[in-house]
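Inspection log for the structure reproduced underneath, given as structure tokens.
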Amino acid sequence: MQVDREIDTRGLNCPLPILKAKKSLNEMQSGQLLRVVATDPGSVRDFQAFSRQTGNELVEQQTEGTDYIHVLKRR
């Protein structure tokens, strides 16, 4: 999957990964993909709720070791 931007939020807890993702998405064009790497297990649930509330599509979520990967598509 070709992402347009990636942010590393490892070591940050809620709500910082969401806030950083929101800031990045605001700087992106509609349809672009943002990949967020987090270590907070709560980020899985948080990004699902964020997607529902904002209309930005949650394209993918996966776990790689201690990292939680979230890919969002800008609305």
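For Arg45 and Ile7, calculate 0.36 nm times their separation in residues minus their Cα-Cα distance, and state this gained length in nm to one decimal. Before the final figure, lay out the partial values.
On the way: separation 38, 0.36 × 38 = 13.68 nm, distance 1.82 nm.
Using 0.36 nm per residue and subtracting the Cα-Cα distance, I get 11.9 nm.
Only one item in (1) 12.0, 41; (2) 10.9, 31; (3) 17.4, 57 matches Rg and Dmax of the Cα atoms in Å derived from the coordinates shown, and that item is (2). Hey, what number do you get for the chain at 222 nm if only DSSP H runs of n ≥ 4 count, each worth -39500 (n - 2.57), divided across all residues, to the nearest 500? Mean residue ellipticity at 222 nm (helix-derived): -9500 deg cm²/dmol. 3J(HN,Hα) along segment 31-40, derived from phi through the Karplus expression 6.51 cos²θ - 1.76 cosθ + 1.60 where θ = phi - 60°, amounts to x, 6, 9, 10, 9, 10, 9, 10, 10, 7 Hz, with x in place of Gly and Pro. As a proxy for reagent exposure, Leu16, Leu25 were ordered by neighbouring Cβ count within 10 angstrom, fewest first; the result is Leu16, Leu25.
Nothing charged except the Cβ atoms of Lys and Arg (+1) and of Asp and Glu (-1): what's the magnitude of the dipole of the chain about its Cα centre? Round to the nearest 20 debye.
Dipole of the chain, to the nearest 20 debye: 320 debye.
Modelled spin-label separation between Glu57 and Glu27, with each label point placed 7 Å from Cα along the Cα-to-Cβ direction: 2.4 nm.
The antiparallel fraction among DSSP beta bridges confined to the chain stands at about 70%.
We did not get these values from a lab; they are worked out from the coordinates using the rules stated. Keep in mind that this is a model prediction, so the values were computed, not measured. Every residue, glycine among them, receives a Cβ derived from its backbone with ideal geometry; neighbour counts consider all protein chains shown.
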